[in-house]
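Quick notes on the structure that follows.
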Amino acid sequence: MPKVITPKSFGAPLGMYSHGMAAPAGELVVVAGQVGVGRDGQVMPGVVPQTKQALENVGAVLAAAGCGFRDVVRLQTFLVSADDIPGFMRARQEVFPGYFPDEAYPPNTLLVVSRLVRPELRVEIEAMAVRRPRRPTVRKRVQPRKRARR
């Protein structure tokens with residue numbers, strides 16, 4: 001599990017993120033930007049539902065890679081309007097306790113951009129995680145039976 005890094009000279013972060021994280025050795029899992037589109041292909045209405053859906057989509061990619069939100073070491077968020085920041089923050093406050101129950105939130109960079117690939121999209125979230133190396137399975141070598149001579 002990644003370890004939160006907070007320099008002694010820093011105050012607490014301004015929100016639900018950490019100043020830094022140190023990750024154990026493992027494979028880097030990079031999650032492409034996920035948006036507020038459900039499995040049915042429909043865009044969620046508004047920034048709060050889109051944020052929740054984008055995070056759910058990030059979680060699905062993480063699960064497919066064999067990890068979860070506790071393995072995330074970096075998030076990067078893109079919003080199309082500064083007016084959407086309060087809704088984005090509200091959505092995070094609602095879902096982050098379930099994703100990060102120990103409150104070890106990954107670093108997050110929030111950027112406001114002019115638009116995303118489709119004009120109805122309000123938010124896009126990228127993630128990086130570290131998948132711990134799997135322990136090699138040790139197979140017991142089976143000794144062949146000796147045949148009894150007749």
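With the requirement that a residue be under 28 Å from Leu116 (Cβ atoms) and either assigned to a strand (DSSP E or B) or free of Cβ contacts under 8 Å to residues at least 60 places away in the same chain (or both), what does the range 14-33 give you?
Matches in the range 14-33: Leu14, Gly20, Met21, Leu28, Val29, Val30, Val31, Ala32, Gly33.
Here's a check for you: in the range 3-13, which residue that is aliphatic (A, V, I, L, M) and part of a strand (DSSP E or B) is surrounded by the most Cβ atoms within 10 Å (Cβ to Cβ)? Quick ask: steps written out before the conclusion?
Let us first name the residues in the range 3-13 that are aliphatic (A, V, I, L, M), namely 4-5, 12.
Checking the rest, the ones that are also part of a strand (DSSP E or B) come to 4-5.
Details: Val4: 17, Ile5: 12.
This residue is Val4.
Just need a number here: residues in the range 3-45 that are touching a helix residue (DSSP H, G or I) at 6+ places or on another chain (Cβ under 7 Å) and not hydrophobic (A, V, I, L, M, F, W, C).
Residues that pass the stated criteria total 4.
Somewhere in the range 34-43, is a residue among the aliphatic types (A, V, I, L, M), touching a Gly at 6+ places or on another chain (Cβ under 7 Å), surrounded by 12 or more Cβ atoms within 10 Å (Cβ to Cβ) and assigned to a strand (DSSP E or B)? Working first, answer last.
Step one: list which residues in the range 34-43 are among the aliphatic types (A, V, I, L, M), which gives 35, 37, 43.
Subset that is touching a Gly at 6+ places or on another chain (Cβ under 7 Å): 43.
Applying the additional criterion that residues be surrounded by 12 or more Cβ atoms within 10 Å (Cβ to Cβ) yields 43.
Still in the list and also assigned to a strand (DSSP E or B): 43.
Yes: the range 34-43 contains one or more residues that are among the aliphatic types (A, V, I, L, M), touching a Gly at 6+ places or on another chain (Cβ under 7 Å), surrounded by 12 or more Cβ atoms within 10 Å (Cβ to Cβ) and assigned to a strand (DSSP E or B).
Regarding Val80, is this residue touching a Leu at 6+ places or on another chain (Cβ under 7 Å), more than 27 Å from Arg134 (Cα to Cα) and hydrophobic (A, V, I, L, M, F, W, C)? Don't jump to the end; show me each part of the working.
Values: touching a Leu at 6+ places or on another chain (Cβ under 7 Å): yes; more than 27 Å from Arg134 (Cα to Cα): yes; hydrophobic (A, V, I, L, M, F, W, C): yes.
Criteria met by Val80.
Please find, among Pro97, Pro101, the residue that is without any contact (Cβ under 8 Å) to a residue 40 or more places away in the chain, surrounded by fewer than 13 Cβ atoms within 10 Å (Cβ to Cβ) and within 22 Å of Arg131 (Cβ to Cβ). So that I can check it myself, show each step before the final result.
Values: Pro97 fails: within 22 Å of Arg131 (Cβ to Cβ).
After applying the criteria, what remains is Pro101.
Scan the range 104-139 residue by residue and report those that are surrounded by 14 or more Cβ atoms within 10 Å (Cβ to Cβ) and in a strand (DSSP E or B). Write out each step before concluding.
To start, the set of residues in the range 104-139 that are surrounded by 14 or more Cβ atoms within 10 Å (Cβ to Cβ) comprises 104-108, 110, 116, 121-132.
Passing the criteria: Asn108, Leu110, Val123, Glu124, Ile125, Glu126, Ala127, Met128, Ala129, Val130, Arg131.
Could you check, for the range 80-87, whether at least one of its residues is touching a strand residue (DSSP E or B) at 6+ places or on another chain (Cβ under 6 Å) and not in a loop (DSSP other than H, G, I, E, B)? Working first, answer last.
Residues of the range 80-87 touching a strand residue (DSSP E or B) at 6+ places or on another chain (Cβ under 6 Å): 82.
Among the residues that remain, those that are also not in a loop (DSSP other than H, G, I, E, B) are: 82.
Within the range 80-87, one or more residues are touching a strand residue (DSSP E or B) at 6+ places or on another chain (Cβ under 6 Å) and not in a loop (DSSP other than H, G, I, E, B).
How many residues does the range 44-60 hold that are surrounded by fewer than 21 Cβ atoms within 10 Å (Cβ to Cβ), within 14 Å of Glu120 (Cα to Cα) and within 18 Å of the chain's Cα centre (by Cα)?
Within the range 44-60, residues that are surrounded by fewer than 21 Cβ atoms within 10 Å (Cβ to Cβ), within 14 Å of Glu120 (Cα to Cα) and within 18 Å of the chain's Cα centre (by Cα) number 1.
Could you please let me know if Gln76 is surrounded by 13 or more Cβ atoms within 10 Å (Cβ to Cβ) and either modelled with pLDDT under 95 or under 15 Å from the mean Cα position of the chain (by Cα) (or both)?
Numbers: surrounded by 13 or more Cβ atoms within 10 Å (Cβ to Cβ): yes; either modelled with pLDDT under 95 or under 15 Å from the mean Cα position of the chain (by Cα) (or both): yes.
Here the answer is yes, as Gln76 does meet what is asked.
The values are calculated or read from the model by the stated rules, or taken from the named source; none is laboratory data. What you see is a predicted model; the values in this text were computed from it and never measured. Positions of Cβ are generated from backbone atoms using ideal geometry, with glycine treated the same way; all protein chains shown enter the neighbour counts.
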